[in-house]
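The values are calculated or read from the model by the stated rules, or taken from the named source; none is laboratory data. The model shown is predicted, which means the values in this text are computed figures rather than measured ones. No Cβ is skipped: glycine too gets one built from the backbone with ideal geometry, and neighbour counts run over all protein chains shown.
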Amino acid sequence: MTLGMNNPEAEHVDFGFLRGIIKNKPKALPVNIDMLYEINGHFLIGEWKAANEKISEGQKIALKALSKEPKFIVLIIYGISNWQGTVVDKIYKVQDNTLKLVGTGINDLKALIQKWASHVQSS
């Protein structure tokens, strides 16, 4: 079995079957994360969105909460990456309940990841 997301025909998971499973939060559903790195207990999370795609309310809540954790960095990446290619328009860091523009383009994304990795490998 191969684990990977290189399949352009892969479907997103429909979590609707879990609606109501948490009794005191019946509307709560899992959220998916598009990109996740872990090094030495530090996490870099990236949520990819197309130019006109909205972040769901559940994702907003989860990503804001994760961004407040000391070993988590949360990025919102506007662009696409699929079997046809990769385009990165803008990269935002979720910080203090706001979005801070931290880069534009694929080279900025790669540099951010490398800088993060270098920092957490030395800590």
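Below are the figures for this structure:
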{"read-out": "So G20, is it in a loop (DSSP other than H, G, I, E, B) and over 25 Å from I113 (Cα atoms)", "value": "yes"}
{"read-out": "Answer residue from the range 79-97, given it is among the charged types (D, E, K, R) and over 17 Å from N52 (Cβ atoms) and is modelled with the lowest pLDDT among those", "value": "D96"}
{"read-out": "Residue that is at pLDDT 95 or above, basic (K, R) and part of a strand (DSSP E or B), where the choices are K100, K110", "value": "K100"}
{"read-out": "Subset of the range 47-97 [aromatic (F, W, Y) and not in a strand (DSSP E or B)]", "value": "W83"}
{"read-out": "Pick from the range 44-78, criterion surrounded by fewer than 18 Cβ atoms within 10 Å (Cβ to Cβ) and touching a helix residue (DSSP H, G or I) at 6+ places or on another chain (Cβ under 9 Å), ranking: modelled with the lowest pLDDT", "value": "I55"}
{"read-out": "Residue that is nearest to I39 (Cα to Cα), among those in the range 76-102 that are under 15 Å from the mean Cα position of the chain (by Cα) and among the small types (G, A, S)", "value": "S81"}
{"read-out": "Every pair of residues 6+ apart whose Cβ atoms lie under 7 Å, when the first sits in the range 27-46 and is polar (S, T, N, Q) while the second is exposed (fewer than 14 other Cβ atoms within 10 Å of the Cβ) and at pLDDT 90 or above", "value": "N40/Q121"}
